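Read the structure below first, then the notes.
The values are calculated or read from the model by the stated rules, or taken from the named source; none is laboratory data. Quantities reported herein were computed from a predicted structural model and do not represent experimental measurements. For accessibility, only protein heavy atoms count, side chains too; no ligands or nucleic acids. Shrake-Rupley method; radii C 1.70, N 1.55, O 1.52, S 1.80 Å.
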Amino acid sequence: MLRRLGRIALAASVLFAGLGFDGNRIGAASSGQMGGAIYTELEQMGDAIYAELEQRKTDIAFAYAGDREELSAGIAALLKETLARDDYVAYNVDAYLYTIRRRGAAADVRVEVAYRETAAETARVDERLRGVLPAILKDAAGERERVRAIHDWIVAHVAYDTALRHYTAYDALAAGTAVCQGYALLAYRMLKLAGIETRIAEGRVDSGSHVWNLVKAEGRWYHMDTTWDDPLPDRPGQARHAYFLKSDAVMRKDHTWTKAYPPAG
């Protein structure tokens, strides 16, 4: 069994380090990095932040002219909700820090973000996947078959990173090795490009924190854990299917999760 061999399955080490300040206790945040836009609604601000996160901007700054009390009370939740729009973005954010400084009737808001995968690396991931997916999916007749083809390709081409240094889809492709987060991110990106709806599930196994995928195939959600289907030590070309398109009941035998996900199976 993989777990008996001591596989350490790490979840995303995403540090939601939002520390909001107002008044003059922080330095001025420079505005205008979003084209000088001034926002009056939190929803507008969330849309703008998400666009910058997609581009992997590390320094996001703008002015907010809406209700400042609403801003102070709601920005932490807004940032988490914004990240939750796309799991690939969320699980590539390593840490973020936000600051708020009052400026007359408005407020300067700054969000500093550190990423695990750069915009250039994500572009190279997509370029590689668009190159290999047609061959991977060539003989896959339906959604389940497309998911299986992607699952088997990942297991065959990625080895588990026992040194615990590689966390991204880019790492999985460029280095050929990754921890569970890299497996799940690579599966997420491949499934999305193949037109398959997917989520990243976060929870625990007996060796610690872990992430895997939820996949919607032929109208139903299922769990898929490419990390645990990859033999350890690595055996290139061999793929297990013990954790391929499984129900909640099956996964709960050795996986737990506390976040709300679509019922599976």
Open item on the list: Within region 152-265, what whole-number % of the accessible surface is contributed by carbon and sulfur, with the 1.4 Å probe and all protein chains included in the calculation?
Closed with: 48 percent
TODO: Using the heavy atoms of the protein chains and a 1.4 angstrom probe, tell me the accessible area per residue for region 45-172 in square angstrom.
DONE: 44 Å²
Task: Heavy-atom accessible surface of region 47-147: percent carbon and sulfur, 1.4 Å - done: 46 percent
Open item on the list: Solvent-accessible area of GLU41, probe 1.4 Å, all protein chains present, reported in Å² to the nearest ten, please.
Closed with: 100 Å²
Open item on the list: So for region 130-265, averaging the separation of alpha carbon pairs under 8 Å that are six or more residues apart and normalising by length, what relative contact order in percent results?
Closed with: 21 percent
Task: Over 20 Å (Cα to Cα) - which of LYS216/LYS246; LYS57/LYS216; LYS80/LYS259; LYS138/LYS192; LYS80/LYS246; LYS57/LYS80 fall in this group - done: LYS57/LYS216; LYS80/LYS246
